[in-house]
Amino acid sequence: MLIFAVTALEKLKNQPPEIWLKVGIAVLAVLVVVLVVRRILQMNKVIAGVLIFVVGAVVFFSWVYNRNEPKFLTPIVQLVAPFFPSAGAYATKQQRTP
């Protein structure tokens, strides 16, 4: 039975090239984020805090508007979404007759 066992290395070799491209892009993205965060932490702490807050707010409100948030944040976004406009609300409003 040990002859038929598939090792982890053999499973990795059988993966399509698209998977390796996505893994490579993810590793590169993490590296870029680490380098940018290190650069930001060398700045004035107030400026760094404001910059991180603004970028986080833009990303969060984009998620709320387009409803394309990560799955684990869906409960939080569902609580906040009724208070802000969404992409589907405009289309629904335009379909109603005046």
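Summary table
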| quantity | calculated |
| --- | --- |
| Rounded tilt (10° steps) of 17-41 against the dominant C-alpha axis of the chain | 60 degrees |
| Where trypsin sites (Lys or Arg not before Pro) in DSSP loops with at most 14 other Cβ within 10 Å are excluded, longest remaining stretch of the chain | 1-66 |
| Cβ-based net charge around Pro85, under 15 Å, with every Lys or Arg adding one and every Asp or Glu removing one | +2 |
| Footprinting exposure proxy for Tyr65, Tyr90 (fewest neighbouring C-beta atoms within 10 Å first) | Tyr90, Tyr65 |
| Descending semi-axes in whole angstrom, ellipsoid equivalent of the stretch 22-82, from the Cα gyration tensor | 25, 19, 8 |
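The numbers here are math on the coordinates, done by the rules we state, and not lab data. Just so it is clear, the structure is predicted and the values come from calculations on it, not from any experiment. Cβ atoms come from the backbone with ideal geometry, glycine included; neighbour counts cover every protein chain shown.
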